[in-house]
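A short worksheet on the structure shown next.
We did not get these values from a lab; they are worked out from the coordinates using the rules stated. Note that this is a predicted model, so its numbers are computed, not measured. All Cβ positions, glycine included, derive from the backbone under ideal geometry; neighbour counts span all protein chains shown.
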Amino acid sequence: MKLVILSDIHSNLAALNKAFKYITDLNPDKIICLGDIVGYGPRPNECVELIQQKCQISLMGNHDHAVLGLTDTYHFNQYAREAINWTRRALTIQNKAYLENLTFSHPENEILYVHSTPLHPEEWHYILSEYEASQYYPQIKQRLCFVGHSHIPVVFSSADPPVYDEELDLSDKRKQYIINVGSIGQPRDGDPRLCFVLYDTDSGKLNYIRLEYPIQETYDEILENKLPPFLAMRLFAGH
Ligand code: ZN
C-alpha cells in the first residue's frame, strides 16, 4: 500500500496546493495528515477544507487545539499566539467543528500516527534527539511511528543513528522507527521547500519529497492580513 503522510500545513495554501498537485500524480492508497492544519499562516479555511476532502486520516495538532481554546497559548511564542487569535476569528464554524473532531493518535497495523509523541500526545512534547526517541520504543506496540510537530524531517531508529535522506529502507522487521515527516507549510531544517513522505508498506521504502512552491504568495498574504511579518520572512529561510 502506498501511503502519503504529511503534517504541519499551518494555513499555507500555496504550499498545500503544490503538495496535492504532486500527490495526485503519485496516486496513493491513503493520505494521512498528522495535524497543525492551521496556525501561523493566512489561509486556514481553505487548508482545513482541502485536508478534509483529501485525507482519509487526520489528527489533532497543538495549533489546531489552541485555536479551539483547548490548549493554553501560554507556551506559544508571541508570533504564534497572535496568529492563533487571528485564526480563531478567521475560521468558519464548520471548519472549527471539523477540527474539534480530530483525534490525537491513530494506530493502524504496524503503524502509529501522532502529531507530537506516541504517549500522551496531548501534552505536546517534542522528539528532537536520539535519546528522546529511545525512551519511546519499549512503550510503542507498533514498529513504525510517524510524527510531525518539530518541522524537522528525520528518521530515528531503535538500532541506527538518526538519518535524513531522499530514500530510506525501513523494511527490517527487527527495528522500530520514529519518522518525522517534516512540514508542508513551515519547514525549519534550513530548506524552505515543502516536505512530506511517501511510504510503501510492501517494500518498506520511505521517500522524503521536497518541492518548491510560490513562497511569495503566502508571504504577501501574511502581510496583507497583518499577521506578524516574522512569520512571512521565516518561510524564505526555512527555519
Ligand atoms: Zn506545527
Practice task
Pop out the ³J(HN,Hα) list for region 37-53 in order, Karplus 6.51 cos²θ - 1.76 cosθ + 1.60 with θ = phi - 60°, rounded to Hz; leave Gly and Pro as x.
Solution key: 5, 10, x, 6, x, x, 10, x, 5, 4, 5, 4, 5, 5, 5, 4, 6
Practice task
Collect residues whose amide H, placed 1.01 Å from N in the peptide plane, falls under 5 Å from the amide H of residue 9; neighbours closer than 5 in sequence don't count.
Solution key: 37, 184, 185
Exercise for the section: Tell me which residues come under 5 Å, amide H to amide H, from residue 103 once H is placed; ignore anything under 5 positions away on its chain. Expected result: 60
Problem - Rg/Rg_ref, region 1-72, where Rg_ref = 2.2 N^0.38 Å and atoms are Cα - result: 1.08
Handout entry: Among 125, 115, 65, residue whose mean-square fluctuation peaks in a GNM of the chain (springs only between Cα atoms under 10 Å)
Key = 125
Exercise for the section: For the chain, with a Gaussian network of springs between Cα atoms less than 10 Å apart, report the residue from 177, 79, 40 with the top mean-square fluctuation. Expected result: 79
Practice task
Diagonalise the Cα gyration tensor of the chain and give the resulting equivalent ellipsoid semi-axes, square root of 5 times each eigenvalue, largest first, whole Å.
Solution key: 27, 19, 17
Exercise for the section: Quote to one decimal, in nm, the extra length available between residue 92 and residue 29 on full extension: 0.36 nm per residue of separation minus the C-alpha distance between them. Expected result: 19.7 nm
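With +1 on each Lys and Arg Cβ and -1 on each Asp and Glu Cβ, how big is the dipole of the chain about its Cα centre, in debye rounded to the nearest 20?
In debye, rounded to 20, the chain gives about 300.
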Practice task
Using the Cα centre as the reference, give the magnitude of the dipole from point charges on the C-beta atoms of region 128-239 (Lys, Arg: +1; Asp, Glu: -1; all else neutral), rounded to the nearest 20 debye.
Solution key: 460
Problem - D_trans [Stokes-Einstein, Kirkwood Rh over alpha-carbon pairs] for region 78-163, 4 °C, 1.567 mPa s, µm² s⁻¹ - result: 87
Completion exercise
Karplus ³J(HN,Hα) for region 17-30 (6.51 cos²θ - 1.76 cosθ + 1.60, θ = phi - 60°; Hz, whole; x = Gly/Pro) runs 4, 5, 4, 5, 4, 5, 5, 4, 5, 5, 6, x, 6, 8
Problem - Cβ-placed point charges (K, R +1; D, E -1), dipole of region 104-179 about Cα centre in debye, nearest 20 - result: 320
Exercise for the section: Could you run the Karplus curve 6.51 cos²θ - 1.76 cosθ + 1.60 with θ = phi - 60° over region 91-96 and give me ³J(HN,Hα) per residue in whole Hz, x for Gly and Pro? Expected result: 5, 6, 4, 4, 6, 4
Handout entry: Computed over region 116-239: relative contact order in percent, which uses C-alpha pairs under 8 Å that are six or more apart
Key = 20
Completion exercise
Projecting the Cα atoms of 142, 183, 228 onto the charge dipole of region 116-239, where Lys and Arg contribute +1 and Asp and Glu -1 at Cβ, the residue farthest towards the positive end is 142
Problem - Computed over the chain: relative contact order in percent, which uses C-alpha pairs under 8 Å that are six or more apart - result: 23
Problem - Ranked 184, 222, 93, criterion: other C-beta atoms within 10 Å, fewest first - result: 93, 222, 184
Problem - Signed unit charges on C-beta, dipole axis of region 94-239, positive-most listed residue 162, 216, 116 - result: 116
Problem - Length-normalised contact order for region 34-107 - Cα pairs under 8 Å, 6+ apart - percent - result: 41
Fill in the blank from the handout: Rh_Kirkwood(region 149-229) over Cα pairs, Å, one decimal, evaluates to 14.2
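Regarding region 1-139, what's the average projected area of the Cα-atom convex hull, expressed in nm²?
Averaged projected hull area, Cα only: 8.9 nm².
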